[in-house]
Amino acid sequence: MARATTDRLRVIEYRVPAASKSLIVSLHDAHPGSRAQIAEQVAFLAGYGVTRSSILVVPEFHHGAAAGGDAEFRDAVTAWQASGHEIVLHGYFHDRKESPRETLATLFWTRLYTNREAEFLDLPRETAQERLARGRKLFEALGWRASGFVAPAWLMAEWIPGVLAEMNFAYTTTLKEIVPLAAGTNLATVSQSLCYSTRASWRRFASAIWNKHLFGRLRETNLIRLSLHPRDLEFPLLRRQIDQILRAAFKSGFEPTTYGDHVAH
């Protein structure tokens, strides 16, 4: 089975994950306001032996404090990278304050699936390219390697991967795929990520039920993706399940890695 991006007509073949068992934990929405929560997650994961993760940094989260303007945040991210974590560009603003007007076709994704955070869902091409370039320039100025890009909520226009490839990003991801972009590569890994919605108690409960089912399937494969957001560990139900997932994954022989290393190998 295959699909082609309409922008580059580049066929992406689906492949079964490699023989080794990999666990990719990604920490989403890292910015100055979430620094303490991300630091807690890094420490929490280290307690299980997860000393490598992909940390998704938003340059100006919700048009607020800039990642490059907060010394404590800059130092924390630099330290995480130095200790083996991967730093990933995660949108630019992570909101829709300057996005096109919503339509019936986008309303579900912008108001229900997300809380007005699908930044790259329908941006004009020039605007998307400018934000990507600004984000990469910031990363380079701060010494953060920017090989990957993940759109907020994994939602992006279908032509975005082609633009990312032209800008020499190594990969992007969706909820269900890891997509390499480097020249000469065309194999996408199909693997749905475990993730939680915490905006309401019913969402947390539904997430836990779904993730229990999904993890039962994923542990029979060779790749588990676990995506955490800043508040996930605050809720006892979710914290207990994350604990159970990590313990079971290690017991089954999964080893932690990052998106960047997964794509490179």
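The values are calculated or read from the model by the stated rules, or taken from the named source; none is laboratory data. Please read these numbers as outputs of a predicted model, since none were measured by experiment. Here the Cβ is made from the backbone with ideal geometry for all residues, glycine too, and neighbour counts use every protein chain on show. Keep in mind that these areas ignore ligands, DNA and RNA; they rest on the heavy atoms of the full protein, side chains included. Shrake-Rupley method; radii C 1.70, N 1.55, O 1.52, S 1.80 Å.
Candidates are the residues of the stretch 173-216 that are β-branched (Val, Ile, Thr) and assigned to a loop (DSSP other than H, G, I, E, B); the one that is nearest to Trp154 (Cα to Cα) is Thr174.
Thr185 passes every criterion in (1) of a type in the set (S, T, N, Q); (2) more than 14 Å from the chain's Cα centre (by Cα); (3) open to solvent by less than 30 Å² (accessible area, probe 1.4 Å) apart from (3). Could you tell me whether Leu164 is closer than 19 Å to Asp29 by Cβ and not basic (Lys, Arg)? Criteria not met by Leu164. Within the stretch 185-194, is even one residue within 26 Å of Ile242 (Cβ to Cβ), in contact with an Asp or Glu (Cβ under 7 Å, 6 or more places away or on another chain) and not hydroxyl-bearing (Ser, Thr, Tyr)? Yes, that holds for at least one residue. Which of the residues that make up the stretch 40-55 are buried (at least 16 other Cβ atoms within 10 Å of the Cβ) and either farther than 21 Å from Gly135 by Cβ or touching a Pro at 6+ places or on another chain (Cβ under 9 Å) (or both)? Result: Gln41, Val42, Phe44, Leu45, Tyr48, Val50, Arg52, Ser53. For the stretch 231-251, taking the residues that are open to solvent by less than 80 Å² (accessible area, probe 1.4 Å) and acidic (Asp, Glu), the one that is farthest from Ile24 (Cα to Cα) is identified as Asp232.
Here is a yes/no grid of residues against (1) at pLDDT 95 or above; (2) closer than 30 Å to Trp202 by Cα; (3) of a type outside the set (Gly, Ala, Ser); (4) buried (at least 22 other Cβ atoms within 10 Å of the Cβ):
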position: Gly84; (1), (2), (3), (4): yes, no, no, no
position: Arg101; (1), (2), (3), (4): no, yes, yes, no
position: Leu112; (1), (2), (3), (4): no, yes, yes, no
position: Leu138; (1), (2), (3), (4): yes, no, yes, no
position: Ala141; (1), (2), (3), (4): yes, no, no, no
